[in-house]
1. Condition first: out of contact with any Ser or Thr (no Cβ under 7 Å at 6 or more places or on another chain) and of a type in the set (G, A, S). Now tell me which residues in region 99-139 satisfy that.
2. Would you mind stating whether A223 is open to solvent by less than 90 Å² (accessible area, probe 1.4 Å) and over 30 Å from S22 (Cα atoms)?
3. Pairs please, first residue from region 213-232 and free of Cβ contacts under 8 Å to residues at least 40 places away in the same chain, second anywhere and of a type outside the set (S, T, N, Q) and open to solvent by 60 Å² or more (accessible area, probe 1.4 Å), Cβ atoms under 6 Å, 6+ apart in sequence or on different chains.
4. Here are some residues: S23, S34. Which one is touching a residue at least 24 places away in the same chain (Cβ under 8 Å) and not hydrophobic (A, V, I, L, M, F, W, C)?
5. For a quick check of your reading: which strands (runs of 3 or more DSSP E) sit entirely within region 1-102 and have at least 1 residues that are open to solvent by 30 Å² or more (accessible area, probe 1.4 Å) and modelled with pLDDT of 95 or more?
6. How about region 120-148: which of its residues are buried (at least 16 other Cβ atoms within 10 Å of the Cβ) and of a type in the set (A, V, I, L, M, F, W, C)?
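The values are calculated or read from the model by the stated rules, or taken from the named source; none is laboratory data. All of these numbers come straight from a predicted model, not from anything done at the bench. Ideal geometry is used to build each Cβ from the backbone, glycine not excepted, and the neighbour counts take in all protein chains shown. Areas reflect the complete protein model, heavy atoms only, side chains present, ligands, DNA and RNA absent. Shrake-Rupley method; radii C 1.70, N 1.55, O 1.52, S 1.80 Å.
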Amino acid sequence: MNVTVIGLGAMGGGMARSNLRSSSIHTVSGYDLSKDVVEKFHAEAKAVGKASAETAPLISLENYVNENTNVVLIVLVNEAQCNHVCFGSDQNLESLMSPGSCIILSSTVSAGFTKMAYERFTKKNIQFVDCPISGGPVRALNGEISIFASGQKDSLEYVDPLLQAMGKEIHIIPGGAGMGSTVKMIHQLLAGVHIVVAAEALALAAKAGVDVEQMYNIVNGAAGASWMFKDR
């Protein structure tokens, strides 16, 4: 299986490197607008025998997605970026990917966008998996993220080697494309609340004259702790 990861940032870079460790994956290419980031990843892929070329190609999407690409994993910042790479330019995934290949969309986007993308790619006989993620950069690099995947059964089975390489907790959400993103939005509501309340609590501690670092350590060892409080 030949994989291209689009977006080698904090999460995408770790996920791409997790795929380098999978025996089920033949090559992993990394596409990003940063030349330095692309070249660094290419060197790592080459070192383990999983580079698709001797040197990193010029940064143009058609050099990273072609008839040999089986799976494209998208890990971009927002929906606008996802829309652009999927549909918004002359050289986009809709025009470059081969019938039977598969897209895994792991960016946080709306369920409406995911359903639209699924319908458009399906018309081209391109498989599509709605696959939001959570866990942070360290877990991404270690292959221990949480995954909320939805889509057609055949497509989910097709990309299972990638899910196994990247995830510790893999949740298959019934209901087709869009349901994974729905789960992620509900999850983000809780995550956002945790961040806001944590900020308010530490601000209160500071105003009350409590050492903020000590307060932080106390909470992390007590019942008020949460993953978001500790990590963010």
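1. First, the residues of region 99-139 that are out of contact with any Ser or Thr (no Cβ under 7 Å at 6 or more places or on another chain): 99-100, 103-104, 106-108, 112-113, 115-125, 136-139.
Across region 99-139, the qualifying residues are G100, S106, S107, G112, A117, G136.
2. Values: open to solvent by less than 90 Å² (accessible area, probe 1.4 Å): no; over 30 Å from S22 (Cα atoms): yes.
Taking the combined requirement at face value, the residue does not satisfy it.
3. So the pair list comes out as N220/K230; S226/H194; M228/H194; M228/I195; R232/I195.
4. Numbers: S23 fails: touching a residue at least 24 places away in the same chain (Cβ under 8 Å).
Exactly one of S23, S34 is touching a residue at least 24 places away in the same chain (Cβ under 8 Å) and not hydrophobic (A, V, I, L, M, F, W, C), namely S34.
5. Filter on region 1-102 gives 2-6, 27-31.
6. Result: F121, I126, F128, V129, C131, I133, A140, L141, I145, I147, F148.
Residues checked against (1) touching a His at 6+ places or on another chain (Cβ under 9 Å); (2) of a type outside the set (V, I, T):
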| residue | (1), (2) |
| --- | --- |
| S29 | yes, yes |
| E39 | no, yes |
| V48 | no, no |
| S52 | yes, yes |
| N63 | no, yes |
| N70 | yes, yes |
